[in-house]
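The values are calculated or read from the model by the stated rules, or taken from the named source; none is laboratory data. Just so it is clear, the model here is predicted, and its values are computed rather than measured. When we count neighbours, we look across all protein chains shown, and the Cβ atoms used for this are built from the backbone with ideal geometry, even at glycine. Just so you know, the surface numbers come from the protein's heavy atoms only, side chains and all, with ligands and any DNA or RNA stripped out. Shrake-Rupley method; radii C 1.70, N 1.55, O 1.52, S 1.80 Å.
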Amino acid sequence: MQRWILWLLIPLVVCLSGCVQADMVIQHQGQTGGSLTYTLTLPQPDLPFTEQVIQQARRLGGAVKERDKTHLQVTIPFDTSQQLATVLNRIGGVPYLPQVTAEADIFDQNLLLFVRERFRYDIDLRPLGIESRDQAVLVAPQSLLKFQLALETPWGARPIECPATTADTVVNPHVQQEGDRLTWTLMPGYLNHLEAAYWYPSPLGWGTLAIVGLLVLGSWLRTCLPRSHST
């Protein structure tokens, strides 16, 4: 997902100095959309890298909220779940490390009064690890990259467990639930599979129900009032 972070991490691994802190928070408020905010803390100033991140965010309709020599925070709004998935996939398209991939899918199921969303995100950080012949990760620079992703929803999300497809796949790594926030701590050197489900009310569904209720009530009053006058 964060190829900017991975691109920056390569020289850090060689030099064995500093740590990149990356935090991404997805706030999904339901059918009104939400925002994606990511914060980067670098071990040392890197102006070209920072400018790449800012330009990418602006192309996606985002804005810089905080910025200094080693700290950067960017917020990108979205209107629908599909737009959120598009933003996540576009973020993963920065061509610094073509061997590192990420893919997001969000499926919604409208049940008239409520909407159920299923969030899937695969972040392939295997290029950051050194594997043995049996695909066991021998070296992974966890001390050089700290990467957390959080999902905030109106009623909270729950992780969905599924079997790992390969030996170097981790499902919902280090997931934690805190109120309405679900947080994953990603593992460099592995394919990180994040999956969760969450619900939120459908304003359109409840609005339709209210209109139907008013029509039924009005019809009932029209049939009852003439009878009361006649008596």
Check your understanding: Residues Leu36, Leu6: which one is touching a helix residue (DSSP H, G or I) at 6+ places or on another chain (Cβ under 7 Å) and modelled with pLDDT of 85 or more?
Key -> Leu36
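So if I check each of Tyr190, Tyr198, Tyr121, which one is at pLDDT 70 or above, within 24 Å of Ala22 (Cβ to Cβ) and open to solvent by 20 Å² or more (accessible area, probe 1.4 Å)?
Of Tyr190, Tyr198, Tyr121, the one residue that is at pLDDT 70 or above, within 24 Å of Ala22 (Cβ to Cβ) and open to solvent by 20 Å² or more (accessible area, probe 1.4 Å) is Tyr190.
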Check your understanding: Just checking, which of Gln31, Gln83 is modelled with pLDDT of 85 or more, within 30 Å of Trp199 (Cα to Cα) and either open to solvent by 50 Å² or more (accessible area, probe 1.4 Å) or not β-branched (Val, Ile, Thr) (or both)?
Key -> Gln83
Review point. Is at least one residue of the range 54-66 open to solvent by 20 Å² or more (accessible area, probe 1.4 Å), touching a helix residue (DSSP H, G or I) at 6+ places or on another chain (Cβ under 9 Å) and part of a strand (DSSP E or B)?
Key: yes
Exercise for review: Kindly indicate the residue of the range 144-163 that is open to solvent by 20 Å² or more (accessible area, probe 1.4 Å) and within 27 Å of Val20 (Cα to Cα) and also nearest to the chain's Cα centre (by Cα) among those meeting that condition.
Suggested key: Glu152
Point to revise | Pick from the range 164-201, criterion over 14 Å from Asp122 (Cα atoms) and not in a strand (DSSP E or B), ranking: farthest from the chain's Cα centre (by Cα) | key: Ala167
